[in-house]
Structure formats: C-alpha cells, structure tokens
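Peer 1: Once you've had a glance at the structure underneath, I'll fire off some questions.
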Amino acid sequence: MFSILLHPEPDQEDYLIAELAEWGTAGIVQEDGRIRAFFDDAGDAEGLIRRFADFTPELREEAAIDWEQASRDAWPPLEIGQRFYLVPPWRAGDPVPQGRLRLIVYPGMACGTGWHPCTQLCLEAIERYVKPGDRVLDVGSGSGILSAAAQLVGASCVIGCDIDAENVQLARDRVAVPMFIGSASAVRAAWADAIVANIDAATIEDLMPELTRVRTAGGTLILSGFPRWDAPEGFQPREMLEREEWLCWIC
C-alpha cells in the first residue's frame with residue numbers, strides 16, 4: 001500500500017478527486033488543503049507521478065490499514081445553509097436533522113462533491129431563490145448536485161447540461177434529473193425561472209447572451225465558480241454571497 005500527496009489549488013480539488021477515482025484509488029483524505037490518495041501495491045506509482053506532476057506529488061509507503069474506511073470517515077455529513085444535509089451514500093441511512101433535506105453526494109465523482117465553497121454558496125442560493133414550481137436549468141452540471149438540490153426544494157422541472165460527456169453520464173447514473181451534453185444554447189427562450197451556473201468567470205461571460213435568452217422575464221441567475229478578483233463582467237448582481245475568496249452572485 002502506498003499513498004500520493006498532491007497540492008492542488010482550491011478550485012482544482014473536485015476535478016482532482018474525480019480523476020484519482022478513475023486511477024483506482026482505494027481512498028482519499030484531505031489534509032489542510034492537500035489531497036492524499038491511497039493505492040494498493042498494484043497501483044501505477046510511476047504513472048501517477050507523471051500524470052500529477054503539476055501538483056508536486058509525494059509518494060509514501062503506508063501500513064496495512066483499512067484506507068477505504070479511513071477515506072469514508074473523512075467525508076462526514078455536512079449541514080449547508082438552513083435546509084440541506086449532505087451525506088455520502090454509505091451514510092444515507094443516518095437520521096436527518098429536523099427541518100433539513102437529505103442531499104446525497106458522491107465523493108470521487110465529477111466536479112460537485114459539496115465541499116467546495118462555490119458549491120456550498122450555490123446550495124444556499126438555491127434554498128433561498130428557487131421556489132416550488134420553478135423550472136430550473138443547471139449549466140455545467142458536473143455531478144448533478146445542484147440539480148438534485150433544486151428538485152429537493154420543489155422545482156417542478158430541472159434540466160442539467162454539461163459539455164463533458166463523462167460528467168453527464170456520471171450524473172445520469174446518480175441523479176434523477178434529465179441531463180444532456182451541451183449548453184444553454186439548446187434550451188428554448190424564456191424557459192427557465194432560475195438558472196444555476198457554477199463554472200468560471202470567462203465561461204459565464206461567454207454564456208451571457210444565452211443565459212439572458214433562456215431566462216424568463218424576472219427570472220433569477222445564480223452564478224458562481226469564481227474568486228472575488230476574477231468576477232465576470234457585464235452582470236449587475238442584486239445580491240452577493242461570499243465564502244473565503246469565492247463569490248456567488250444573484251442576478
């Protein structure tokens with residue numbers, strides 16, 4: 001058994017966890033902003049070093065410990081906002097605190113484990129601004145966590161889209177929401193009462209005409225995925241949520 005310690009930037013963590021899962025990790029834990037992934041002796045240590053060279057990898061021999069259980073222990077249930085209770089699938093039977101909604105998350109999936117500040121800000125915005133009966137479009141849906149959250153708060157119709165076919169397939173396997181490969185350009189005009197886009201500032205700027213076209217008159221945009229020093233231009237948020245250096249705009 002060995003482990004590899006990686007040093008990602010905060011906005012790279014979700015993608016890194018998903019890719020480590022594809023490499024067959026036996027478990028993942030987070031250590032003060034770093035990620036340690038465990039592999040059995042059949043793991044390709046040299047290949048891992050080459051693939052993740054940009055993250056200053058450090059290899060370490062490990063004792064014979066149940067690292068899969070250790071990884072599970074590193075993902076406890078998490079309360080977000082006033083309503084959501086995030087749990088991994090192996091804790092799905094845990095009782096839910098009164099007044100909260102159980103939202104199952106899948107560590108190791110595509111972007112969207114629920115632990116990144118931007119995902120948490122979007123969840124808080126969804127519980128406040130997505131109303132029962134709303135039609136919601138989740139642009140850049142990743143794991144589908146935000147689509148599932150919109151369903152939980154009572155949206156009548158939720159559609160997710162992502163340009164990454166693998167993300168879409170993963171989300172389809174886990175979330176009971178229609179998902180398609182593509183972007184907002186495939187959605188008819190004035191369809192969405194609320195649009196969630198947790199991506200990055202440059203992409204949000206490029207999508208601005210389509211987001212405006214697809215949103216209903218008076219509809220809400222929930223935009224995140226960017227730090228305060230790299231916010232998208234051309235939008236006039238009516239409210240701003242903030243956690244650490246990350247922002248979520250309500251437009």
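Peer 1: Taking 0.36 nm per residue of sequence separation and subtracting the Cα-Cα distance, how much length would be gained by fully extending the chain between Thr203 and Ala63, in nm to one decimal?
Peer 2: Gain on stretching Thr203 to Ala63: 46.0 nm.
Peer 1: Taking the Cβ of each residue in Ile49, Ile145, Ile4 as the centre, tally the other Cβ atoms inside 10 Å and list the residues starting with the fewest.
Peer 2: The most exposed by this proxy come first: Ile49, Ile4, Ile145.
Peer 1: A follow-up question, please. Among Thr119, Thr220, Thr203, rank each residue by its count of other Cβ atoms within 10 Å, from fewest to most, as a rough exposure measure.
Peer 2: The most exposed by this proxy come first: Thr203, Thr220, Thr119.
Peer 1: Okay, next question. Would you kindly state how much longer the chain becomes between Arg213 and Ala165 on full extension, computed as 0.36 nm times their sequence separation minus their alpha carbon distance, in nm to one decimal?
Peer 2: On the way: separation 48, 0.36 × 48 = 17.28 nm, distance 2.43 nm.
Stretched fully, the Arg213-Ala165 segment lengthens by 14.9 nm.
Peer 1: Decide, for the range 2-73, between rounded, prolate and oblate: order the square roots of the alpha carbon gyration tensor eigenvalues as a ≥ b ≥ c, take rounded if a/c falls under 1.5, and otherwise choose prolate if a/b is larger than b/c, else oblate.
Peer 2: oblate
Peer 1: Specify the angular offset, from 0 to 90 degrees and rounded to the nearest 10, of the alpha carbon long axis of helix 117-129 from the longest principal axis of the alpha carbons in the chain.
Peer 2: So the inclination is approximately 30 degrees.
Peer 1: Continuing with the same structure: Would you kindly compute the Cα radius of gyration of the chain and its largest Cα-Cα separation (Dmax), both in Å?
Peer 2: So, for the chain, Rg and Dmax equal 18.6, 60 Å respectively.
Peer 1: Okay, moving on. Starting at the first residue of the range 19-27, write each ³J(HN,Hα) from the Karplus equation 6.51 cos²θ - 1.76 cosθ + 1.60 with θ = phi - 60°, in whole Hz, x for Gly and Pro.
Peer 2: 6, 4, 4, 5, 7, x, 4, 7, x
Peer 1: Determine, from the Cβ-Cβ distance of Glu19 and Phe235 and an R0 of 25 Å, the FRET efficiency 1/(1 + (r/R0)^6), rounded to the nearest 0.05.
Peer 2: For R0 = 25 Å, the calculated efficiency reads 0.20.
Peer 1: Can I ask one more? Compare Ala231, Ala125, Ala189 in a GNM of the chain, Cα atoms joined below 10 Å, and give the one with the largest fluctuation.
Peer 2: Among Ala231, Ala125, Ala189, the largest GNM mean-square fluctuation belongs to Ala189.
Peer 1: Nearest 10 degrees is fine. How inclined is helix 201-214 to the longest principal axis of the chain, computing both from alpha carbons?
Peer 2: Computed tilt is about 40 degrees.
Peer 1: Could you compute the FRET efficiency for Cys157 and Glu245, with r as their C-beta to C-beta distance and R0 at 35 Å, rounded to 0.05?
Peer 2: Working: r = 34 Å, r/R0 = 0.97.
Calculated transfer efficiency: 0.55.
Peer 1: Taking a label point 7 Å from the Cα of Glu9 along the Cα→Cβ vector, which residues of the range 197-237 have an amide N closer than 16 Å to it?
Peer 2: The answer is 199-204, 225-232, whose backbone nitrogens lie closer than 16 Å to the label point.
Peer 1: What spacing in nm lies between the two simple spin-label points modelled at Met1 and Val96, each 7 Å away from Cα in the Cβ direction?
Peer 2: Spacing of the two 7 Å Cα→Cβ label points: 3.4 nm.
Peer 1: What is the gain in length, in nm to one decimal, between Glu46 and Arg228 on full extension, counting 0.36 nm per residue of separation less the C-alpha to C-alpha distance?
Peer 2: 61.8 nm
No value in this document is a laboratory result; all are computed from the given coordinates. Everything numeric here is computed off the predicted structure, so don't read it as measured data. No Cβ is skipped: glycine too gets one built from the backbone with ideal geometry, and neighbour counts run over all protein chains shown.
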